[in-house]
Amino acid sequence: MAEIIDGKAISAQIKEECKAKVEKEKLNRCLAVVLVGDDPASAVYVGNKKKACEFCGVKSVSHELPASTTEEELLKLVDDLNRDDSVDGILVQLPLPVHIDEDKVIKAISPDKDVDGFHPENVGRLSIGQPGYLSCTPAGIIQLLKRSNVDMDGKNCVVIGRSNIVGKPMALLMLRENATVTVCHSHTKDLKEVCKRADILIVAIGKPKMIDASYVKDGAVVIDVGIHRMENGKLCGDVDFDSVEPVASKITPVPGGVGPMTIAMLMHNVVYGNGADKAMPYVVI
Ligand code: GUN
């Protein structure tokens, strides 16, 4: 029987810490949120981000633009927000409509306001161990592990998935915690055998319930980044929870595991800044 890592509770704790810091230090933080088009999932995410800002006492300014917005218009808005001293953080919700080059937009955001941690400068800083904004989902996973007393030092950590937003920064963060890190992906040979060696298994493949107990060592800690809606309307992750839970020592559920951490860490980034001088406890810079 695994201990359930409660992402809902830990994210609530982090948001409380952000709110307390805003109140204590009378901070006037402002997040600019940019949504282009009418993707329903993005609209829900953006709504949740605005709610979290309200909870923490952070001002949010919303820019909701039509799907017909040109790349030039969006780059102009980003430039205006970069120059606006009242704006501390800029979040452009992804995905963008296909006629807009996402990389170009991410690069246009000032690295000092890049609260998503997607700008190449912040990714570069992470890779050479300098303070900078961290991508929210992997930073949230580090928080889940630390606040659940999972020691990462010297442990075998296997990350499945190599996306720029989760897999790659996750591997770098685990390395920063002194884990021995293996990154697996669709071309990995003997995936099962590699996963079986993991003390900490982080799954971000995007395939519903792909990882069952046959991939998991007895007593491993299993972190599930996936979220999928099944035919019966229920949510599931990349991990087959019912199969893995009996063999793992700790596991994140879906929903209520990694998901809520992304917004909590966004709030952390907006309130605490880029970690150069005032990281919160537990955040290793
Ligand atoms: N789309 C899905 N996840 C994210 C995220 O963390 N940040 C942004 N900007 N867009 C997303």
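Some points to look at:
- Estimated from helical segments only, the mean residue ellipticity of the chain at 222 nm is -11500 deg cm²/dmol, where each DSSP H run of four or more residues counts as -39500 (n - 2.57).
- By accessible area with a 1.4 Å probe, ligands and nucleic acids excluded, highest first: order of 71, 231: 231, 71
- Amide proton proximity set for residue 65, modelled H, under 5 Å, gap of 5+: 35, 36, 37
- Efficiency of FRET from Cβ geometry, residue 42 and residue 218, R₀ 41 Å, rounded to 0.05: 0.55
- For the stretch 107-192, the per residue solvent-accessible surface stands at 43 Å², with DNA, RNA and ligands left out and a 1.4 Å probe.
- Of the residues 91, 136, 220, the one whose Cα sits farthest towards the positive end of the charge dipole of the chain is 220 (charges of +1 on Lys and Arg Cβ, -1 on Asp and Glu Cβ, taken about the Cα centre).
- For 11, 249, the ranking by accessible surface with the largest value first comes to 249, 11, using a 1.4 Å probe.
- Solvent exposure of residue 56, expressed as accessible area, is near 0 Å², computed with a probe of 1.4 Å over the protein chains only.
- Beta bridges by DSSP in the chain, antiparallel share as percent, to the nearest 5: 5 percent
- Cross-link partners of residue 24 among lysines (Cα-Cα below 27 Å; sequence separation of 8 or more within a chain): 8, 15, 49, 50, 51, 59, 113, 146, 278
- DSSP-assigned coil residues among trypsin sites (Lys or Arg not before Pro) in the stretch 146-245, each with at most 10 further Cβ atoms within 10 Å: 189, 234
- The listed residues 210, 1, once ranked by accessible area (1.4 Å probe) with the largest placed first, stand as 1, 210.
- Heavy-atom accessible surface of the chain: percent carbon and sulfur, 1.4 Å: 51 percent
- The solvent-accessible area of residue 8, taken with every protein chain present and a 1.4 Å probe, is close to 140 Å².
- The slack between residue 192 and residue 8, meaning 0.36 nm per residue of separation minus the straight C-alpha distance, is 63.3 nm.
- Taking all protein chains together and rolling a 1.4 Å probe, residue 16 ends up with roughly 90 Å² accessible.
The values are calculated or read from the model by the stated rules, or taken from the named source; none is laboratory data. Worth saying up front: this structure is predicted, and the values here are computed from it rather than measured. Cβ: placed from backbone, ideal geometry, glycine included. Neighbour counts: every protein chain shown. Just the protein is used for accessible areas: all its heavy atoms, side chains included, with ligands, DNA and RNA removed. Shrake-Rupley method; radii C 1.70, N 1.55, O 1.52, S 1.80 Å.
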